[in-house]
1. Report the calculated FRET efficiency for K157 and D414 (r = Cβ-Cβ distance, R0 = 60 Å), to the nearest 0.05.
2. For V195, list long-range residues whose amide hydrogen, built 1.01 Å from N in the peptide plane, is under 5 Å from its own amide hydrogen.
3. How high is the FRET efficiency between K188 and A330 when r is their beta carbon distance and R₀ equals 35 Å, given to the nearest 0.05?
4. Would you mind calculating the relative contact order of the stretch 310-386 from Cα pairs under 8 angstrom and at least 6 residues apart, reporting the percent as a whole number?
5. Assuming R0 = 56 Å, what is the FRET efficiency of D141 and D406, from their Cβ-Cβ distance, to the nearest 0.05?
6. Using packing as a proxy for protection, rank 361-369, 434-442, 482-490 so that the peptide with the highest average count of other Cβ atoms within 10 Å comes first.
7. So what are the ³J(HN,Hα) numbers for the stretch 482-496, from phi and the Karplus equation (6.51, -1.76, 1.60; θ = phi - 60°), rounded to whole Hz, Gly and Pro as x?
8. Holding the Cα-Cα limit at 18 Å, pick out from K188/K313; K157/K361; K346/K366; K216/K346; K331/K366; K331/K370 the pairs that are longer than that.
Amino acid sequence: MSTRQRQAVSFALILAAVAFGMVLAGGLDLTPSTSAQSSHPIVPQGVLGDEALGGLPSFANLAEAVEPAVASVQTSTIRERPQGMDPFHFFFGPRGRGEEDDTEPNQPNQQPQRFRSEGGGSGFVITADGLIVTNYHVVEDTDEVMVRLQGREYEAKVVGTDPPTDLALLRVDVGHPLEYLALGDSDKLRTGDWVMAIGDPLGLDQTVTVGVVSAKGRQINISNETSFENFIQTDAAINFGNSGGPLINVRGEVIGINSAINWGAENIGFAVPVNTLKQILPQLEESGSVTRGYLGILINDVDFNVAQAFGMKEPHGVLVTQVLPGQPAAKAGIEHGDIILDADGKTVDTSRFLIDYVSAKGPGEKVDLKILRNGKELSKTVELTERPPQGEATEAEPPAEEQGIDWLGVHYQDLSPGGRQMHGIPEDVGGVWITNVEPTSPLWDEGIRNDGIIYVVTEVNGKAVADVASFEAAVRAAPSGSRLRLYVRRFYRGEELPPRFVFPQVP
């Protein structure tokens, strides 16, 4: 075959490959839809191209496909400035000689001054008829919400809010079906998966950042309802204005709602898992708020140390650290120190599972719990009530020191009438008051420290202790190498904080 013939054959093969590629792209929907009349969610297939150098994926197709459903949320709030305040005085001090002040604050006909504050964030469309998801903190206490979609602005109505999960639902009426994003499954998300964040950071519309899932199940203590904090951590850059925007996987599905950033680090952002949204979405749309089932207990995961202290072969279930008086669990006979093994026949391996399972039920529903108490399995049926709002705890000054057991590294004393009165410790609370904790103490590693909270050990290995003598006897009776099971009640400024178990190992 001549050189000219070989060139002709090569050219024909190239043309055939290009034609096949165009047909394949159309079949796989690699080219994103731009029709505003779409009634199907945007779920691009095969969106990662090979345009980037070095074999790295390009997110250009993915970004182009989902951008039409990403919204900029702008809010405004009107407030009255207190009468008698001259803004020039506030910023610059008293006016100088020769300046006339014609806004005397005490004139009876003067109208209250009003000022307008503006804020904003991001959101994304989830239905063709205009439902938009954003963060609660983006629209909290606002008077007006405007949404910008594909270059046009629309007034939005707040349909529902849920402060515990920091989620809110908006609605816009644009007169035609909207393109919207599909909701994925955040439970299937793995650490290391690629993700893309899109939003309106610092007013920069449709900004795209890319990274990976850094971790799952993070609690960062930014709300009163820390029980519901279950954040996805990502290194895709999230900044002010990204709040409420989507965190998207490589299939174009929303797997998180961007919510928070870490001030002290670069590229540590947090998103609410989309499965949390899916769980509460029907209530948000129908009633505008969310009601949750409530047991009335505080719980911790059972790790190896807890399992060892309770004589379990393997860690399993969740430990009840407090049962709130008068609440459903107390009425059903649940006690602190119980370990909940399953709920309605479903294995309880983590606190997260039990919280989510119970919260998904409504008030008045019943839950059958299997518990472990003193080595025996028991069954309890609990009728749930509605979950109330939660509060916060604070700190105080540490008490004076007393002598203690050497290897425990703590100082303790009997509870005196004066100490009870000073710190609001009820008369029916027996035990020993831990007055100082050494940094080398095994209790220090378990969170019992000189932090101003009053710690009272009321039980050792499930048996009540009334004073120093009974406490020391119980501690000394524990065999070497075993783990003590100390039940510690906590008080601060006359109020009782949630108690906890600690498990120091006997040397």
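1. Values: r = 62 Å, r/R0 = 1.03.
According to the calculation, E is roughly 0.45.
2. G211, V212, V213
3. Working: r = 37 Å, r/R0 = 1.07.
Efficiency computed from Cβ-Cβ geometry: 0.40.
4. 31 percent
5. 0.50
6. 482-490, 434-442, 361-369
7. Karplus values, whole Hz, x for Gly and Pro: 7, 10, 6, 10, 9, 9, 10, 9, 10, 9, 8, 6, x, 10, 8.
8. In this structure, K188/K313; K157/K361; K216/K346 lie more than 18 Å apart at Cα.
We did not get these values from a lab; they are worked out from the coordinates using the rules stated. Because the structure is predicted, anything quoted here is derived from the model rather than measured. Note that we place each Cβ from the backbone using ideal geometry, even for glycine, and neighbour counts take in every protein chain shown.
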